[in-house]
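The values are calculated or read from the model by the stated rules, or taken from the named source; none is laboratory data. Every value quoted in this text rests on a predicted model; they were computed, and no experiment measured them. Here Cβ is always computed from backbone atoms with ideal geometry, including for glycine, and neighbour counts include all displayed protein chains. Heads up: the accessible areas ignore ligands, DNA and RNA and are worked out on the full protein's heavy atoms, side chains in. Shrake-Rupley method; radii C 1.70, N 1.55, O 1.52, S 1.80 Å.
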Amino acid sequence: MRDVFNFSAGPSMLPEKVLKEVQKNLLNYNGSGMSVTEMSHRSKYYEEINAEAESLLRELMNIPSNYKVIFVQGGASLQFEAVPLNLLRKGRADYIVTGNFAKKAYSEAKKFGDIVTAASSEDKCFTYIPKIRKGDFRKDIDYVHLTTNNTIFGTHFTKLPDTGDVPIVADMSSNILGEAYDVSEFGMIYAGAQKNIAPAGVTVVIVRDDLADRALPSCPTMLKWQTQIAEKSLYNTPPCFAVYVAMLVFRNLKEMGGVSAMEKINKRKAKMLYNFIDNSSFYKNFIEKKDRSIMNIPFVTPNPELDEKFVKEASKAGLLTLKGHRLAGGMRASIYNAMPVKGVQKLIEFMQKFELANK
Ligand code: PMP
């Protein structure tokens with residue numbers, strides 16, 4: 001057992017059981033004589049990994065049969081561009097800007113069409129999720145884009161906006177598989193793997209059939225979802241190792257009871273930390289309570305010098321990567337699926353000691 005806890009926002013902790021399985025098979029995968037890092041993506045071994053990863057993800061997220069699932073590269077950031085190029089048939093889309101990544105997605109889409117911000121929380125440093133009514137969206141748009149969990153600022157959507165018949169496109173990078181969603185409420189979902197799924201390198205794309213093959217003629221082949229859909233994510237060389245680890249993480253999550261069971265644990269972890277912060281006069285979290293993320297929890301001490309000291313001393317105590325994002329400052333505890341309850345308990349104990357010593 002490792003005795004450190006890594007609170008990084010991504011790449012993040014992976015379940016220890018999965019890492020041990022990877023270690024066990026690193027030199028010789030399932031008697032193949034090869035490592036997954038060395039084998040052809042056209043081999044039967046890899047084809048099985050690829051197929052199992054897809055089928056487990058379908059099962060875990062309860063993905064309806066009229067949705068396609070592909071594993072692509074380029075991170076969530078490349079989907080900021082792929083989304084408009086695949087969907088902007090009318091040339092118009094509305095974006096909900098609730099954080100830095102949502103803003104980046106909006107800026108990229110603007111290069112390709114008539115894109116507006118339907119709602120934003122930038123006026124208060126992205127510390128809340130704006131109230132959005134159906135009438136806030138324009139008529140005759142291709143989609144509404146939102147970010148389900150805002151990694152840097154620590155907010156999440158607890159309820160999706162009513163967009164009527166307009167498909168919701170969601171960047172789910174930092175809470176996919178961490179809380180349950182009804183996939184049928186979305187037209188398309190994308191997520192970089194490096195938080196709840198796998199090492200960096202693979203991006204999950206889930207897209208409803210009617211939206212899967214209507215890319216603009218100018219869309220590059222590699223950005224067109226249909227290219228990978230037609231080839232079961234094997235159009236070109238995939239990030240084999242990352243997909244393999246994803247498959248193991250999916251197996252592990254299934255064994256643990258699936259997404260709803262994980263969501264319960266995640267809510268418990270988040271509640272422990274928020275309760276502690278709220279009952280303290282030393283630490284503060286600035287996020288509107290109803291919109292607080294259960295994955296990323298930012299907090300500060302009374303001043304930036306103490307924040308710096310906190311991060312340094314926490315690291316010495318085996319509580320790693322607690323420095324907040326440069327846009328938010330302070331600290332941020334990312335407590336994704338692989339963070340055990342014990343890690344959060346240790347963090348709280350450390351926070352108590354630090355407060356006593358520095359009050
Ligand atoms: N969206 C969100 C919500 C994120 O948290 C991140 C990365 N932290 C990104 C997009 C960018 O992802 P990538 O680095 O995979 O391009």
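Observations, loosely collected:
- Pairs are defined by a Cβ separation below 7 Å, a sequence spacing of at least 6 or placement on different chains, a first member in segment 162-183 that is under 18 Å from Asp210 (Cα atoms) and within 12 Å of the ligand (Cβ to nearest atom), and a second member that is in a loop (DSSP other than H, G, I, E, B) and open to solvent by less than 30 Å² (accessible area, probe 1.4 Å); the pairs so defined are Ala170/Thr148; Ala170/Phe186.
- Test set (1) touching a strand residue (DSSP E or B) at 6+ places or on another chain (Cβ under 7 Å); (2) open to solvent by less than 20 Å² (accessible area, probe 1.4 Å); (3) farther than 29 Å from Ile129 by Cβ - Ile287 fails condition number: (3)
- Any hit, segment 48-65, residues being free of Cβ contacts under 8 Å to residues at least 12 places away in the same chain, open to solvent by 50 Å² or more (accessible area, probe 1.4 Å) and over 19 Å from Leu248 (Cβ atoms): yes
- Failed item, numbered, when Met1 is tested on (1) out of contact with any strand residue (DSSP E or B) (no Cβ under 8 Å at 6 or more places or on another chain); (2) at pLDDT 95 or above: (2)
- The residues in segment 97-121 that are near the ligand (Cβ under 10 Å from one of its atoms) and open to solvent by 10 Å² or more (accessible area, probe 1.4 Å) can be counted, and the count is 3.
- The lone exception for Pro199 - which of (1) more than 16 Å from the ligand (Cβ to nearest atom); (2) surrounded by fewer than 22 Cβ atoms within 10 Å (Cβ to Cβ); (3) within 27 Å of Glu21 (Cβ to Cβ) it fails: (1)
- Taking segment 184-196 as the range and being in contact (Cβ under 8 Å) with a residue 40 or more places away in the chain and either more than 23 Å from Ile96 (Cα to Cα) or open to solvent by less than 40 Å² (accessible area, probe 1.4 Å) (or both) as the test, the residues that pass are Gly187, Met188, Tyr190, Ala191, Gly192, Ala193, Gln194, Lys195, Asn196.
- Residues that are of a type outside the set (A, V, I, L, M) and either open to solvent by less than 30 Å² (accessible area, probe 1.4 Å) or not assigned by TED's automatic domain parsing to the domain that holds Asp213 (or both), drawn from segment 31-40: Ser32, Ser35
- Residue among Thr158, Thr147 that alone is assigned by TED's automatic domain parsing to the domain that holds Pro64 and within 15 Å of the ligand (Cβ to nearest atom): Thr147
- Qualifying residue in segment 312-324 (condition: closer than 25 Å to Thr158 by Cβ and either surrounded by 15 or more Cβ atoms within 10 Å (Cβ to Cβ) or touching a residue at least 24 places away in the same chain (Cβ under 8 Å) (or both)): yes
- Tabulated pairs, segment 1-22, first more than 16 Å from the ligand (Cβ to nearest atom) and assigned to a strand (DSSP E or B), second open to solvent by less than 20 Å² (accessible area, probe 1.4 Å) and small (Gly, Ala, Ser), C-beta under 8 angstrom, 6+ apart or interchain: Phe5/Gly318; Phe5/Gly343
- Among (1) in contact with an Asp or Glu (Cβ under 7 Å, 6 or more places away or on another chain); (2) surrounded by fewer than 24 Cβ atoms within 10 Å (Cβ to Cβ), the one test that Pro130 misses: (1)
- Here Glu179 meets the list (1) among the charged types (D, E, K, R); (2) at pLDDT 95 or above; (3) surrounded by fewer than 17 Cβ atoms within 10 Å (Cβ to Cβ) almost entirely, failing just condition (3).
- Subset tally (residues that are open to solvent by 10 Å² or more (accessible area, probe 1.4 Å), touching a Gly at 6+ places or on another chain (Cβ under 6 Å) and more than 13 Å from the ligand (Cβ to nearest atom)) for segment 68-91: 1
- In segment 44-65, the residues that are outside any helix (DSSP H, G or I) and either small (Gly, Ala, Ser) or farther than 22 Å from Ser184 by Cα (or both): Ser65
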